[in-house]
Amino acid sequence: MTAITSTTRLTQFASGGGCACKVPPGELEQMMAGLPGPTGTDVANLLVGVECGDDAAAVRIDGNRALIATADFFTPVVDDAYDWGRIAATNALSDVYAMGGMPVVAVNLLSWPREQLPLDLAAEVLRGGADVCAAAGVFVGGGHSVDDPEPKYGQAVTGLADADRLLRNDAGEAGMPLTLTKPLGLGVLNNRHKATGEVFDQAVDVMTRLNVDASRVAVDAGLICATDVTGFGLLGHLYKLVRASGVSAVVDAAAVPYLDGARTSLAEGFVPGGSRRNLDWVRPHLDSGATEDELLLLADAQTSGGLLVAGEIPGHPVVGELVAADGPSRIEVRS
């Protein structure tokens with residue numbers, strides 16, 4: 001952790017921060033409920049649509065090749081413009097990795113309050129996104145920008161995958177272990193940063209770490225089920241996975257890794273509203289003797305978090321397992 005910053009406080013121009021500014025999962029599902037699904041021959045070619053709330057759409061384009069398409073953008077999660085760009089691009093690419101694909105091209109999505117913030121800061125945001133894409137071997141092909149009183153940045157990303165080796169959130173089976181590839185606590189640390197200006201280098205390091213290696217290992221090992229852990233928290237994304245797969249899950253709270261400073265920040269009250277909404281949404285489906293603080297951390301709204309993989313990934317902790325569902329899908333948290 002470094003001292004309080006003296007640069008422009010980008011987070012002060014946003015009502016939320018990072019993936020914590022997402023529409024709550026229950027409200028999102030209500031909005032999506034009436035949308036039509038694929039019909040006719042489209043059913044066979046749209047491999048993954050909106051039905052299970054997976055990380056991206058997947059469409060078979062020929063033979064065993066699938067095109068993966070996603071978009072992700074959000075308000076500033078840190079005050080440093082370059083780091084915000086890096087985080088947002090890493091987060092957008094993650095949706096492709098979470099499906100077992102490799103991103104190919106990205107286009108920028110930028111909203112900017114041009115009367116309030118200098119354009120050179122916007123250029124720094126774009127530079128951060130471009131540098132992440134260059135490191136990932138992804139082309140950046142322009143994008144779209146609008147004048148907006150609240151700054152927002154992200155990318156629409158297109159990738160490719162083997163249509164028969166996708167990682168999906170509806171493919172979980174009882175007996176599969178659950179592996180988490182990044183520590184939790186990003187939401188509370190980012191909330192503290194927004195409130196105080198303190199900089200948490202360990203959080204920035206995690207949020208700018210690509211999920212490509214874990215994705216490749218999972219695909220090469222023949223694993224079939226995964227999701228990434230972002231705005232709905234570990235519990236929210238896990239619940240979507242078990243519900244889509246028709247299974248339940250057990251989480252070993254003691255095995256879940258956290259960033260340094262996360263528990264202290266929680267104890268001092270730096271909890272994003274999105275984390276509380278996540279817990280409220282999943283609570284009816286929980287069986288737990290864990291404390292409220294433990295549950296809040298498990299539901300903490302992550303930005304550019306890790307993958308939650310049904311299977312073992314060497315070097316990353318197993319934090320639970322999928323089990324048979326005795327009725328509607330549920331999550332048991334063991335402390």
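The values are calculated or read from the model by the stated rules, or taken from the named source; none is laboratory data. A quick note: this is a predicted structure, and the numbers were derived from the prediction, not measured. No Cβ is skipped: glycine too gets one built from the backbone with ideal geometry, and neighbour counts run over all protein chains shown.
Could you check, for region 284-294, whether at least one of its residues is among the aliphatic types (A, V, I, L, M) and out of contact with any Lys or Arg (no Cβ under 9 Å at 6 or more places or on another chain)? No: region 284-294 contains no residue that is among the aliphatic types (A, V, I, L, M) and out of contact with any Lys or Arg (no Cβ under 9 Å at 6 or more places or on another chain). Of the residues making up region 286-327, those that are farther than 15 Å from residue 275 by Cα, in a loop (DSSP other than H, G, I, E, B) and either among the hydrophobic types (A, V, I, L, M, F, W, C) or in contact with an Asp or Glu (Cβ under 6 Å, 6 or more places away or on another chain) (or both) number 4.
Pairing each residue of region 135-146 that is hydroxyl-bearing (Ser, Thr, Tyr) with any residue that is in a helix (DSSP H, G or I), provided the two are 6+ apart or on different chains, yields C-beta distances under 9 Å for 145/122.
Among the residues of region 243-276, those that are over 17 Å from residue 189 (Cα atoms) and part of a helix (DSSP H, G or I) comprise 243, 244, 245, 253, 254, 255. In the set 184, 235, 180, 241, only one residue is more than 26 Å from residue 103 (Cβ to Cβ), modelled with pLDDT of 95 or more and surrounded by 24 or more Cβ atoms within 10 Å (Cβ to Cβ); that residue is 235. Being farther than 29 Å from residue 163 by Cα and in a strand (DSSP E or B) is the filter here, so list the residues in region 75-113 that pass it. The answer is 110, 111, 112. For beta carbons closer than 8 Å, sequence separation of 6+ or different chains, a first residue in region 240-253 that is in contact (Cβ under 8 Å) with a residue 40 or more places away in the chain and farther than 13 Å from residue 330 by Cβ and a second that is among the acidic types (Asp, Glu) and part of a helix (DSSP H, G or I), the qualifying pairs are 253/294. Looking at region 259-280, is at least one residue touching a Gly at 6+ places or on another chain (Cβ under 6 Å) and aromatic (Phe, Trp, Tyr)? No - not one qualifying residue is present in region 259-280. Per this entry, residue 260 is not counted among residues that are crowded, with 21+ Cβ neighbours inside 10 Å and touching a residue at least 40 places away in the same chain (Cβ under 8 Å).
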